[in-house]
Amino acid sequence: MKRMHFILVMLISTAVIFHAKAQTNNNNNNNNNNNYDFFDTVINNHNQLFQMSCIPSAIEMILKYYKVVDFDFYGLQIKWQNKADGSFRDFDNKELYGITFTQKFVLPRDSSFPVDSLFQTIENELKSGKKVIISLPADGGWHMFVICKQTPDGDFVSYSKLGSHTLILRNTKEIVKKSNGTEIMTYHTPPGM
């Protein structure tokens, strides 16, 4: 009886493993047709390693999205760790694995902040097939998110990680307006990437 139970468990386990691999391979085959699915794969396989490493974590997600580093790459976060005085300026005009990052909208967060210009910049980046890293308020501080798409009603969907937990915001514009603006980070890729 124990032997039958063992064989049954092995058959079920094998079926589950083959099914999981089939789904992974199917997702990989669809990457060329639907980059949002691949970005979901990036997000689901990424972790923020340290409490204060959200900036390099967001940049690592972009690097993984463009497949210039492997899913197990965490070199930027390991170097950064819990750096408390870091900002987008640490990566401004820096080329990493062929991708050059640029800090934008470094302005006072007040009633004169050009929110419409910020939103138009984000929309233009998304239309060109790129993602945008954005700083948003969270728990009395700021946390970095990656805007990956625009909803039919015009808002932006932003993703981040907190450890292995995935954070998803679907009201990014509202959050930015309440904050009187924010900084973003865009990037440039070489032709053909």
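The values are calculated or read from the model by the stated rules, or taken from the named source; none is laboratory data. Small disclaimer: the values here were computed from a predicted structure and weren't measured. As a convention, Cβ positions derive from the backbone with ideal geometry for all residues, glycine included, and neighbour counts pool all protein chains shown. When the accessible area is computed, the model is the full protein with side chains, heavy atoms only, and any ligands, DNA or RNA have been set aside. Shrake-Rupley method; radii C 1.70, N 1.55, O 1.52, S 1.80 Å.
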Flagged pairs (Cβ under 6 angstrom, 6 or more apart or on separate chains; first in segment 139-155, polar (S, T, N, Q); second in a strand (DSSP E or B) and at pLDDT 95 or above) are GLN150/PHE156
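Listed residues SER179, SER111; which is touching a residue at least 24 places away in the same chain (Cβ under 8 Å), in contact with a Lys or Arg (Cβ under 9 Å, 6 or more places away or on another chain) and polar (S, T, N, Q)? It would help to see each step written out before you state the result.
Numbers: SER111 fails: in contact with a Lys or Arg (Cβ under 9 Å, 6 or more places away or on another chain).
Among SER179, SER111, only SER179 is touching a residue at least 24 places away in the same chain (Cβ under 8 Å), in contact with a Lys or Arg (Cβ under 9 Å, 6 or more places away or on another chain) and polar (S, T, N, Q).
Against the definition (part of a helix (DSSP H, G or I), crowded, with 16+ Cβ neighbours inside 10 Å and at pLDDT below 95), how does PHE38 come out, yes or no?
On the way: part of a helix (DSSP H, G or I): yes; crowded, with 16+ Cβ neighbours inside 10 Å: yes; at pLDDT below 95: yes.
For PHE38, the condition - part of a helix (DSSP H, G or I), crowded, with 16+ Cβ neighbours inside 10 Å and at pLDDT below 95 - is met.
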Given (1) touching an Asp or Glu at 6+ places or on another chain (Cβ under 8 Å); (2) open to solvent by less than 20 Å² (accessible area, probe 1.4 Å), LYS173 misses just (2)
Selection over segment 154-169 where residues are surrounded by fewer than 12 Cβ atoms within 10 Å (Cβ to Cβ) and not hydrophobic (A, V, I, L, M, F, W, C) yields a count of 4
In segment 81-102, anything open to solvent by less than 30 Å² (accessible area, probe 1.4 Å) and under 15 Å from CYS54 (Cβ atoms) is listed as GLY86, SER87, PHE88, PHE91, PHE101
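Tell me which residues, restricted to segment 120-138, are in contact (Cβ under 8 Å) with a residue 40 or more places away in the chain and either open to solvent by 20 Å² or more (accessible area, probe 1.4 Å) or among the hydroxyl-bearing types (Ser, Thr, Tyr) (or both).
THR121, GLU125, GLY129, LYS130, SER135, PRO137
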Within segment 49-79, the residues that are under 15 Å from MET185 (Cβ atoms), in contact with a helix residue (DSSP H, G or I) (Cβ under 6 Å, 6 or more places away or on another chain), open to solvent by 10 Å² or more (accessible area, probe 1.4 Å) and in contact (Cβ under 8 Å) with a residue 24 or more places away in the chain are TYR65
Q) Quick check, is PHE50 assigned to a helix (DSSP H, G or I), closer than 22 Å to SER158 by Cβ and modelled with pLDDT of 95 or more? A) no
Counting only residues in segment 176-188 that are under 17 Å from the mean Cα position of the chain (by Cα) and open to solvent by 20 Å² or more (accessible area, probe 1.4 Å), the one nearest to SER53 (Cα to Cα) is identified as GLU183
